[in-house]
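Q: Pasting in a structure now, in structure tokens, and then I'll have a few things to ask.
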Amino acid sequence: MKDLLIIGGGPGGYVAAIRARQLGMEVSLFEQDKLGGTCLNRGCIPTKAYFKNAEVLRTVQRLSDYNIRCMDVQFNLAMAKGRKDGIVNKLVDGVDSLLKANKVEVIKGQAELIDPSTVRANGQEYSGRKILLASGSEAVRLPIPGIDLPGVVTSTELLDMEEIPARMIIIGAGVVGLELACIFNSFGTQVTVLEAADHILGSLDSEVTKRMNIFLKRQGINVHTGCQVQEIQPLQEHLAVLYRDKKDSQQVETDLVLAAAGRKAATDGLRLDELGIINERGFIKVDETFETSVKGIYAIGDVIGGQMLAHVASEEAIVAVERMNGLDNQVAYHAVPACIFTFPEIATVGMSEDEAKVQGFACKIGKFQFAGNGKAMTMGETDGLVKVIADQDDRIIGVHILGPHASDLILEATLMVKNHMHVEDIRGSIHPHPTLGESLAEAIMDIKGESIHLLPRRK
């Protein structure tokens, strides 16, 4: 009998397995597909590989800004796919090597729960003192007539294409939809995004989303909010998408439709109902130790909902395993960073201004535009801003960055929010010049009206 049986080898499952081994537990991990889960194989890493292709193409298109001349530039998606697949395969092999080095037993095949201490896979039963569910999530199938037509794809199929579509409609203006909109727009695709909500990017800070709308429009990406897709129809060799906006019905022709509107817990075949494992709105319910309603069975990551991010699953994995071993640890949910790889990038941690006001905080806001940052000017990337939110006691409770390398800049802000730091705690922390990080320091000082490189506030 093993100490721990883990179902799912993604960023939650494999991290849990390694941490469990570090703590002396004997572990078996079950994975029906490739190690690394959706993030590594069909999400975060593949899209970031294409993001780099798109980033280089955008630079090439602006070579004249840097006094460089280059003729006859061509992009080959099939070759870019080969590069992307090579990166993914190398990382998958790396995860496999880590698990072997940590002496984790990896069992390939679909696993199902038999009872609180037994898992069946490939016709064989395995026993464990505890079971951890880390089966992840999968794309939601939208209830739209025509959603199964050829030419309607999810991000998984899109990332395996070898030809660039001339036109693409994306259903959903969330993170996945807008990242792929920016990437394929840079590849030369004419992109239209249809979103049912009245704004893009869900609950992100409204000032950031309003500015992002402007940047998307500037890139030539058409975004329509407040519209409901009613049907997808075949139209000769193309497709027609029928939707209704706030005024009337519309129809737009396209070569490809990307369905990118939401994800759900991947629990098919686990037999949760038979064991009496309670779920809420389709996600497994857990307590503060990540134990489900059935004693001895735990769950982490996308399968329990919440902030469905790879790094959240990994942190939950570590905390869950440590709690199993009597260690007192918890996930800092108030300081989870999120990064969106659009053009420009978006990164956020902590509360938005909208959320802080709803919760009754007397917010103090500090801002600094990248247009005033020397490094951003030398890079030719001055779009966007840093926005810092403090409470009435000058404690930093939220940071939102729209601009170059936002995903790197958010790391320092995460430490601030996690450790409940105050504006005075940052004073005297010298930020090197010239760097983009100076914008974060300036925004923090602006909370008290003390930013050096901003004009004085009117009194």
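Nothing in this text is a laboratory measurement; each read-out follows from the coordinates by a stated rule. Quick caveat: nothing in here was measured; it's all calculated off a predicted structure. Reconstructed Cβ throughout: ideal geometry from the backbone, glycine too, with neighbour counts over all protein chains shown.
Q: Given labels modelled 7 Å from the Cα in the Cβ direction, how far is it in nm from Lys210 to His334?
A: 2.8 nm
Q: Here is a further query. So what is the relative contact order for region 335-446, in percent, with contacts set as C-alpha pairs under 8 Å and at least six apart?
A: The value is 32 percent.
Q: Extending each Cα 7 Å along its Cβ direction at Gln110 and Asp425, get the distance between those two points in nm, one decimal.
A: Taking the two extended label points, one gets 4.8 nm.
Q: Dipole of the chain, Cα-centred, from +1 at each Lys and Arg C-beta and -1 at each Asp and Glu C-beta, to the nearest 20 debye?
A: Charge dipole of the chain: 720 debye, to the nearest 20.
Q: Could you give the size of the charge dipole of region 335-446 about its Cα centre, using +1 on the Cβ of each K and R and -1 on the Cβ of each D and E, expressed in debye and rounded to the nearest 20?
A: 20 debye
Q: Which log10 I(q)/I(0) values does the chain give at q = 0.13 Å⁻¹ under the Debye formula, counting every alpha carbon as one identical point scatterer?
A: -1.31
Q: Please tell me which of these pairs span more than 32 angstrom C-alpha to C-alpha: Lys52/Lys418; Lys48/Lys387; Lys210/Lys264; Lys295/Lys357?
A: Flagged as over cut-off: Lys295/Lys357.
Q: Taking only C-alpha pairs under 8 Å that are 6+ residues apart, what is the relative contact order of the chain in percent?
A: 14 percent
Q: Which one of Phe75, Gly360, His224 is farthest out on the positive end of the charge dipole of the chain, using unit charges on Cβ (Lys, Arg +1; Asp, Glu -1) and the Cα centre as origin?
A: Toward the positive end, the furthest listed residue is Phe75.
Q: Please arrange Tyr50, Tyr333 by how many other C-beta atoms lie within 10 Å of their C-beta, fewest to most.
A: Arranged by neighbour count, lowest to highest, Tyr50, Tyr333 become Tyr333, Tyr50.
Q: Only helical DSSP H runs with n ≥ 4 go in: add -39500 (n - 2.57) per run for the chain, normalise by residue count and round the 222 nm mean residue ellipticity to 500 deg cm²/dmol.
A: Mean residue ellipticity, 222 nm, calculated: -9500 deg cm²/dmol.
Q: Okay, next question. Pick out, from Ile164, Met379, Leu270, the residue whose Cα sits farthest towards the positive end of the charge dipole of the chain, with +1 on the Cβ of Lys and Arg and -1 on the Cβ of Asp and Glu.
A: Checked the options; the winner is Met379.
Q: From the P(r) of region 59-178, can you give the percent of Cα pairs sitting at distances over 18 Å?
A: Distances greater than 18 Å cover 75 percent of the Cα pairs.
Q: A further question follows. Please name which of His405, Ile304, Leu23 has its Cα lying farthest along the dipole of the chain towards the positive end, using unit charges on Cβ (Lys, Arg +1; Asp, Glu -1) and the Cα centre as origin.
A: With unit charges placed on the Cβ atoms, the residue in question is His405.
Q: Related question: Give me a comma-separated list of calculated 3J(HN,Hα) values for region 256-270, in order, Karplus coefficients 6.51, -1.76, 1.60 applied at θ = phi - 60°, integers in Hz, x for any Gly or Pro.
A: For region 256-270, the Karplus curve yields 8, 10, 9, 8, 9, 10, x, 9, 10, 4, 8, 10, 4, x, 7 Hz.
Q: Kindly work out what percent of the DSSP beta bridges joining two residues of the chain are antiparallel, to the nearest 5.
A: Taking every DSSP beta bridge within the chain, about 60 percent pair in antiparallel fashion.
Q: Right, another one. Given 0.36 nm per residue, what is the gain on full extension from Arg141 to Leu98 after removing their alpha carbon distance, in nm?
A: Values: separation 43, 0.36 × 43 = 15.48 nm, distance 3.43 nm.
Fully extending the segment from Arg141 to Leu98 adds 12.0 nm.
Q: Here's a follow-up. Which value in nm describes the separation of the simple spin-label points at Thr59 and Asp248, placed 7 Å from the Cα toward the beta carbon?
A: Using points 7 Å along Cα→Cβ, the separation is 4.8 nm.
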